[in-house]
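The values are calculated or read from the model by the stated rules, or taken from the named source; none is laboratory data. These numbers were taken from a predicted model, which means no experiment stands behind them. Here the Cβ positions follow ideal geometry from the backbone for every residue, glycine too, while neighbour counts run over all protein chains shown. Heads up: the accessible areas ignore ligands, DNA and RNA and are worked out on the full protein's heavy atoms, side chains in. Shrake-Rupley method; radii C 1.70, N 1.55, O 1.52, S 1.80 Å.
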Amino acid sequence: MLETLWFILICVLFVGFFFLEGFDFGVGMLTPILGKTDRERRVLINTIGPVWDGNEVWLITAGGAIFAAFPGWYATLFSGFYLALFFMLLALIGRGVAFEFRSKLDNPKWRSLWDYVIGIGSLLPPLLWGVALANLMRGVPIDESTNYVGTFWDLISVYSVAAGVSIVLLFLLHGALFLALKTEGDIRERARSFANKIGAWTSAVLLLFVVLSYFETDMFTRNGIMPGMVPTMAGFALISVPFFLKAGRDGWAFIMTGATIALSTITVFMALFPRVMISSLNPDWTLTIHNTSSNEYTLQVMSVVALCTVPLVLAYQAWTYWVFRKRVSVRDHLDY
């Protein structure tokens, strides 16, 4: 029971991470695209300035929860996907440094350089996360000793690239809608126009990923051709976005992309359960929540700690978003 509980909690942590960092990464990717001047790019950065580092805490917490609750999963995942995770870490470090270094010199070339670092540092993580999640669903070469025996290139395929591109497009859409809620004037109109243009591409690539999942994974075999309410609701949420945009309901459009991200993440975990990493060499060597978990006492202590601390963290983050809820404009005094 505790193993299942912690599997669900880790799913919740990834839902929070992808929802919050989704628009965060989206804004970062859009900074060099929608910002026509240095001041406009500063506006874009300021929309996520108070929250981007807090959003990344969800990933750190999820990694810590996997390490403590399922050390066998953590060991195989982080050793097998080491190079991909290393590139992701470099991108996150570069992105964080760019936020801080960008304004140190009043030089257009200096600031333009860091703006592109922000863009690239925001592009690589969702792309690599898509590759990782696709491989978790499809299966990777794991031997009887729970060791990953493949290479980095074994993770790259049409299926995994389609997953990565679909997540990048979804986060771009999510970020554009966030900017429509947080900015004014020309930037807001550009963000809404970009969201309208990229919406169809996002839906098309996600549909391609779903079709490929039928051939590459056992998700449909295990759950039937009709995948259930959760993935169906994710599809309807994404389809509804252009209708809300046309009606001028930017807030509802943002909620729908957030729902798509959350429900899609839940779908991935549902497709895996009770597995955490599928062995493509032998089904008997697949890692599950049962053969990778910590002992019961450890899970009990973790549950008590989580029960006491998680509500405080959620309350603090909600307060942060409430404090910085107002729109950002080029007319504001911007901290350079």
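Taking Cα centre as origin and charging only the Cβ of basic (Lys, Arg, +1) and acidic (Asp, Glu, -1) residues, the dipole magnitude of the chain rounds to 1320 debye.
The distance from the alpha carbon centre of segment 265-336 to that of segment 153-167 is 23 Å, rounded to a whole number. In straight-distance terms, cross-link reach from residue 246 covers every one of the aspartates and glutamates whose alpha-carbon lies under 15 Å from its own, apart from those fewer than eight places away in the same chain; here that gives 189.
Dividing the Cα radius of gyration of segment 113-167 by 2.2 N^0.38 Å, with N the residue count, gives 1.37.
Over segment 272-336, what relative contact order in percent results from Cα pairs under 8 Å that are six or more residues apart?
Computed over segment 272-336, the figure is 17 percent.
Under 5 Å between amide hydrogens, built in the peptide plane, is the criterion, and for residue 291 it picks out nothing among residues at least 5 positions away or on other chains. Across all directions, the shadow cast by the convex hull of the chain built on its C-alpha atoms averages 17.1 square nanometres.
Averaging the sequence gap over all C-alpha pairs within less than 8 Å and six or more residues apart, then dividing by the number of residues, gives segment 107-247 a relative contact order of 22 percent. Peptides 301-311, 247-257 ranked from most to least packed by the mean count of surrounding Cβ atoms within 10 Å: 247-257, 301-311. Among 171-183, 27-39, sorting by the average number of other beta carbon atoms lying within 10 angstrom of each residue, highest first, gives 171-183, 27-39. Think of it as helices only: each DSSP H run of n ≥ 4 in the chain is worth -39500 (n - 2.57), and spread over all residues that comes to -26000 deg cm²/dmol at 222 nm. Solvent-accessible area per residue in the chain equals 49 Å², computed with a 1.4 angstrom probe and all protein chains kept.
Remark: the residue 143-residue 8 segment gains 46.0 nm on full extension, using 0.36 nm per residue and subtracting the alpha carbon distance. Both the radius of gyration and Dmax for segment 1-102 are 16.3, 55 Å, in that order, over alpha-carbon atoms. Calculated on the alpha-carbon coordinates, the convex hull of segment 178-241 measures out at 90 cubic angstrom per residue.
In whole Å, what three semi-axes, largest first, describe the equivalent ellipsoid of segment 204-321 built from its Cα gyration tensor (square root of 5 times each eigenvalue)?
31, 27, 9
When each of the peptides 53-63, 313-323 is scored by the mean number of other C-beta atoms lying within 10 Å of its residues, the order from highest to lowest reads 53-63, 313-323.
Across the accessible surface of segment 178-336, with the other protein chains kept in place and a 1.4 Å probe, carbon and sulfur atoms take up 69 percent. When the Gaussian network model of the chain links Cα atoms closer than 10 Å, the mean-square fluctuations of 228, 49, 72 top out at 228. Entry note, segment 45-136: relative contact order of 25 percent, from Cα contacts under 8 Å with a spacing of 6+ residues.
Hydrodynamic radius of segment 123-221 by the Kirkwood approach over all distinct alpha-carbon pairs: 15.0 Å. Residues whose amide H lies under 5 Å from that of residue 328, counting only those 5 or more places away or on a different chain, are 183, 184; hydrogens are built 1.01 Å from N in the peptide plane. Accessible surface of segment 3-82, 1.4 Å probe: 73 percent of it comes from carbon and sulfur atoms.
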